[in-house]
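The block underneath contains the structure these notes are about, expressed in structure tokens.
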Amino acid sequence: MSIDLHELIINPGKSLPFSCEVDTERLDFPAIKRFLTPLTGKGEIRNSAGLLTLSAHLSADLLCICDRCAAEFEKHCDIPVELTLATELEDEENPDFYLLIDEKLELEEVLSDCFILEQDSSFLCREDCKGLCFRCGANLNEGSCSCKKEKDPRLAVLEQLLDDKD
Ligand SMILES: [Zn+2]
Ligand SMILES: [Zn+2]
């Protein structure tokens, strides 16, 4: 979706509200099984004394897969988006500006980029997910498995070394 911002650019003080659904086809994350609700972007583009800003909220309900225990869990995401739009590149060092081409904004592209940037590197069903036992594969959130009683031979060696020190 391409939005022509010419009218807004020549009218300081004006704002342009928008609400759109972002195509999730190319948002392919192994940890996101599917989108339970469409990814929706709601907000506005404002011209405050010649400064163009976009502020919005991106939201969706996701069905995710936990990185540690592989359990499915639902997660609501609500991502605030604040961007300054520029019609020309004033400061190449400043990455906070989004450069418009021909006064046009590719809204969906901008919003899906924001979604990609916001995805945590880890998807956990809960912050303290204990994961799976590396030996028997038991889900340790549901209780400890019998492997726990055996000592890791590498740890035993370490303990031995520490004992020798004393
Ligand atoms: Zn988990
Ligand atoms: Zn085990």
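Readers should treat all values here as calculations from the given coordinates under stated rules, not as data from a laboratory. All values derive from a computational prediction rather than experimental measurement. FYI the Cβ positions are ideal-geometry reconstructions off the backbone, even for glycines, and counts take in every protein chain you see.
Figures for the structure shown
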{"quantity": "Checklist (1) exposed (fewer than 15 other Cβ atoms within 10 Å of the Cβ); (2) touching a residue at least 24 places away in the same chain (Cβ under 8 Å); (3) out of contact with any Leu (no Cβ under 6 Å at 6 or more places or on another chain) applied to L36, failing item", "calculated": "(3)"}
{"quantity": "Options L52, L8; residue that is out of contact with any Pro (no Cβ under 7 Å at 6 or more places or on another chain), surrounded by 15 or more Cβ atoms within 10 Å (Cβ to Cβ) and either of a type in the set (F, W, Y) or not in a strand (DSSP E or B) (or both)", "calculated": "L8"}
{"quantity": "Odd one out for L124 among (1) touching a strand residue (DSSP E or B) at 6+ places or on another chain (Cβ under 7 Å); (2) farther than 30 Å from H6 by Cα; (3) aliphatic (A, V, I, L, M)", "calculated": "(1)"}
